[in-house]
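Coordinate-derived values only; no laboratory data. As the structure is a computational prediction, the values presented were derived from the model and not from experiment. Because the Cβ atoms are built from the backbone with ideal geometry, glycine has one as well, and the counts that use them run over all protein chains shown.
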Amino acid sequence: MTSEDKTFILGVGAQKCGTSWLFSYLNRNPAIASSTYKELHFFDAIYNPKWFGNFNDGFARDITEELQRQGTDEFNADRLRDASLRINALYDRDLYLTLFERNATRATTHFLEITPTYSTLSEDQLREVRSLILSRCQKIKVIFLMRDPAERLYSLHKHRTRAGTKRLEKVGLSSKFLARKMAGTPDILDLMKEPAAAARGRYDQSITALQAAFPEEELHFEFYENLFSTDAIRSVCQFLNVDFVSPDLDQRVNASPDSLDASTETFEQVREHLDPVYRFCADRFPDTLPKSWMV
């Protein structure tokens, strides 16, 4: 199945803003074909290997795991094929679109990938992404989701803390040693200054680059706070030109518990640090910015 008449849906972020839920919703549509992986981390690993090159190692590990599973019930041929294609595409970028073409059916009208760290790409890099995709696809549609910047950072911190705990528990560490290891986990103030993490939350920089690289009709912006509603999903479907199907609004994918306590001194430091992002979004989305944002 070729790409010439297809529309490519590219989700570019932001991280912890509902991208997994949106992917799950769209991927159930029979007109939309995706890779085995929601996040291919293709363009970010190419353009910024210092921050994201480690994702290549993850795909290489998946290949090794599946090769070892051959002949067992756990073997996943699709995972092996897509991980192999993903690695080979680093050396032949045309293979990137093959990841979607191989999963297409007669009903397929759209391809789908959502990798939140694409929000860190520059204007020139995004132009190259657009050029590659449109070299074989008829159209491209880009979706960028946002969330209150401080809440997003807090969610990311909670996610990293939980993930770190699970990794350490997996190797069977004692509770005493586990606590000692987790004591070294960066706090939220350290995280907000970490370059890769900070770049993912700079909506002002992401939106400026997106608007410079893509025509207005190829861009759709939505807020996490509004996403889980029939109106928001209907708007997304209209933008993508796919049939609307009622979403499961009670489902959450990779949701983080609790929320940020706005009364703390820590919050005040986070809010001040992110002030340029708040001010940019208030100016850019004066009529649609969620009232819950701490502007």
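Here are a few candidate values for percent of Cα pairs over 35 Å apart: (i) 50; (ii) 20; (iii) 30. Which one was actually calculated from the structure I just gave you?
Working out percent of Cα pairs over 35 Å apart from the coordinates points to (ii).
Count neighbours as other Cβ atoms within 10 Å of each site's Cβ, and list the chymotrypsin sites (Phe, Trp or Tyr not before Pro) in the stretch 70-169 that are DSSP loop with at most 10 such neighbours.
91
Report, in debye and to the nearest 20, how large the dipole of the chain comes out about its Cα centre when Lys and Arg carry +1 and Asp and Glu carry -1 on their Cβ.
740
Calculate, in nm to one decimal, what residue 50 and residue 250 gain on full extension: separation in residues at 0.36 nm each, minus their alpha carbon distance.
68.2 nm is the gain from fully extending residue 50 to residue 250.
Once every DSSP H run of n ≥ 4 in the chain is given -39500 (n - 2.57) and the sum is divided by its residues, what mean residue ellipticity at 222 nm do you get, rounded to the nearest 500 deg cm²/dmol?
-15000 deg cm²/dmol
Just to be sure I follow the rule: in the chain, considering lysines 8 or more places apart or on different chains, how many pairs have Cα atoms under 15 Å apart?
Summing the qualifying lysine pairs gives 8.
Find the centroid of the Cα atoms in the stretch 1-67 and in the stretch 80-96, then give the distance between the two in whole Å.
With the stretch 1-67 and the stretch 80-96 each reduced to a Cα centre, they are spaced 12 Å.
So for the chain, taking the charge dipole from beta-carbon charges (+1 Lys/Arg, -1 Asp/Glu), which of 52, 72, 282 sits furthest toward the positive end?
Final value for the positive-end residue is 72.
Can you run phi through the Karplus equation (6.51, -1.76, 1.60; θ = phi - 60°) for the stretch 203-218 and list ³J(HN,Hα) in whole Hz, with x for Gly and Pro?
These are the phi-based 3J(HN,Hα) values: 4, 4, 6, 5, 5, 4, 5, 4, 5, 7, 8, 10, x, 4, 6, 9 Hz.
Could you list which residues have their amide H under 5 Å from that of residue 141, counting only those 5 or more apart in sequence or on another chain, with H placed in the peptide plane?
Excluding prolines and chain starts, which carry no amide H, the hits are 8, 9, 10.
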